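Enquirer: Just dropping this structure here.
Please treat every number below as a calculation from the coordinates, not as lab data. Fair warning: this is a prediction, and the values are worked out from it, not measured in the lab. Please note: Cβ atoms are built from the backbone with ideal geometry, for glycine as well, and neighbour counts cover all protein chains shown.
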Amino acid sequence: MTRVAPPPDTPDASPNAVETFAALLTDPGQRLLDQLRSITPAEELSAATRLRRDHPPELVAAALGQARLRQRAAAKFGADAALMYFTPDGVEQATRTEVADRRAARLAGAGSGSARVADLCCGVGGDAIALARAGARVLAVDRSPLTCAVARANAAALGLADRIEVREAAVEDIDVRGFDAAFVDPARRGGRGRVFDPEGYSPPLSWATALAARLPRAALKIAPGVPHEAIPPTAEAEWVSHRGEVKEAVLWFGADTAPGTRRATVLPGGHSLTGSPDPAPTGAPGRYLYEPDGAVIRAGLVGTVAETLEARLLDPSIAYLTCDRPTPTPYATGYEITDVLPFHLKRLRALVRERDIGTLTVKKRGSPLTPEELLRRVKPRGRATATVFLTRVADAPSMLIGHPL
Ligand SMILES: C[S@@+](CC[C@H](N)C(=O)[O-])C[C@H]1O[C@@H](n2cnc3c(N)ncnc32)[C@H](O)[C@@H]1O
């Protein structure tokens, strides 16, 4: 089904947004930004009042906004954030450095020499920067004038202006002939919030897939929750987590990819597991419980991890694995289990008191109770620590108690 693309998700804040941003790049703008480098929220009001004596109020407001965005962006860009520029949507949507770097190395660094890569939907440039640092010559395209101005400023601020050309255009109008690769990171927010149907992305997945078929290699970012049925058979699909949180899914096309394969990549370690979604066997609880990484679960590779751990599922519909021997793995977190009990709050409360447990970590899959509610009702007060898993064992509501390995 063809759908009309949603309206732009990054409307420029005001008609003067580009001019106001440009003023930040002038000497007075830069001096203001320098003064605001380590401003705290509590200091903002007095700083604004003081700075407005010597500077136009809109420049002061823009500098304060930028200082705030830089601080927020540090979680994604580390020390670079203090040199870069952002828009509120731009920070939100940008790929964090560790994730972008790894993807860029595969997309741009695989060939010899310096690849020509089109970054279609470049935003403030998170991926364009990683691609350029991986050695590519990048054409970075976005339809938002302010976003393009910001991406251009970022390329210059990081000394990459000679490797990144930023172009304000609709990606549909870009001629990709002669490029070695393309990366597409579509907008996945429409006027009414998050878009779940990949055909509702801007540009739609079918457009990006057709583009990928015309290039030696391509990578398309999609939402991690995308249904596997929506993945084109010509793609290798990769789910990426960073410090245990699933960050993105990427469809890979062309050279050095394995169509139909599913991949789970765990960062910052960089471990990468491939396979095809196979069900794991189910069986009785053993001494160890393994909680697969979110990327493994989304990629449908719990069965592959189960095989390496010689493990089985506690319940066929829940991603907890159990086994009898501990095996170190980057793809799952292991626990030694001391108790397997039918779910019973009173029983848990008694056990927590008996064992002097004060720090109880609650993990749950397949249980309606929230960790907060459980802790409120169990009231752990002692000095020991423990982890409780609320889940189902062979369809029966159960609690497993243990400790991380
Ligand atoms: C998810 S963001 C990209 C983030 C970027 N990869 C980064 O790391 O900073 C998507 C961007 O696509 C742009 N966009 C959406 N549809 C577009 C289209 N048809 N042509 C050009 N740009 C488009 C939006 O303006 C937005 O900046």
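Enquirer: Name the residue, out of Arg50, Arg312, Arg189, whose mean-square fluctuation peaks in a Gaussian network model built on the chain with Cα pairs under 10 Å.
Expert: Arg50
Enquirer: Another question, then. In the Gaussian network model of the chain, springs joining C-alpha atoms below 10 Å, which of Ala210, Ala156, Ala104 carries the largest mean-square fluctuation?
Expert: Maximum fluctuation in the GNM of the chain, among the listed residues, is at Ala210.
Enquirer: Determine, for each peptide in 316-326, 27-37, 216-226, the mean count of other beta carbons within 10 angstrom over its residues, then list the peptides with the highest first.
Expert: 216-226, 316-326, 27-37
Enquirer: Amide H to amide H under 5 Å from Val166: which residues, 5+ apart in sequence or cross-chain, H placed 1.01 Å off N in plane?
Expert: The list, which skips near neighbours in sequence, is Ala140.
Enquirer: Would you kindly state how much longer the chain becomes between Thr338 and Arg243 on full extension, computed as 0.36 nm times their sequence separation minus their alpha carbon distance, in nm to one decimal?
Expert: Gain on stretching Thr338 to Arg243: 31.5 nm.
Enquirer: Starting from the Kirkwood radius over alpha-carbon pairs of the range 150-309, derive D by Stokes-Einstein at 10 °C in a medium of 1.306 mPa s and give it in µm² s⁻¹.
Expert: It comes out at roughly 90 µm²/s.
Enquirer: How much length would be gained if the chain were fully extended between Asp175 and Arg365, taking 0.36 nm per residue of separation minus their Cα-Cα distance, in nm to one decimal?
Expert: Extending this stretch completely gives an extra 63.7 nm.
Enquirer: Give the shape of the range 253-400 as rounded, prolate or oblate, defined through the alpha-carbon gyration tensor: a ≥ b ≥ c are the square roots of its eigenvalues, a/c under 1.5 means rounded, and otherwise the shape is prolate if a/b is larger than b/c and oblate if not.
Expert: Since a/c reaches 1.5 and a/b is larger than b/c, the shape of the range 253-400 is classed as prolate.
Enquirer: If neighbour count is taken as other Cβ atoms inside 10 Å, put Phe179, Phe343 in order from fewest to most.
Expert: Phe343, Phe179
Enquirer: In a GNM of the chain with a 10 Å cut-off on Cα contacts, which of Glu19, Glu372, Glu168 has the highest mean-square fluctuation?
Expert: Comparing Glu19, Glu372, Glu168 in the GNM, the peak value goes to Glu372.
Enquirer: May I ask for the net charge around Ala332, where only other residues with Cβ less than 11 Å from the Cβ of Ala332 are counted and Lys, Arg are +1 while Asp, Glu are -1?
Expert: -2
Enquirer: For the chain, count the residues as N, evaluate 2.2 N^0.38 Å, and divide the Cα radius of gyration by that value, please.
Expert: Scaled against compact globular proteins, the figure is 1.15.
Enquirer: Which residues' amide hydrogens lie under 5 Å from the amide hydrogen of Asp293, considering only partners 5 or more residues apart or on another chain, with H built in the peptide plane?
Expert: Hits under the 5 Å cutoff: Ala332, Thr333.
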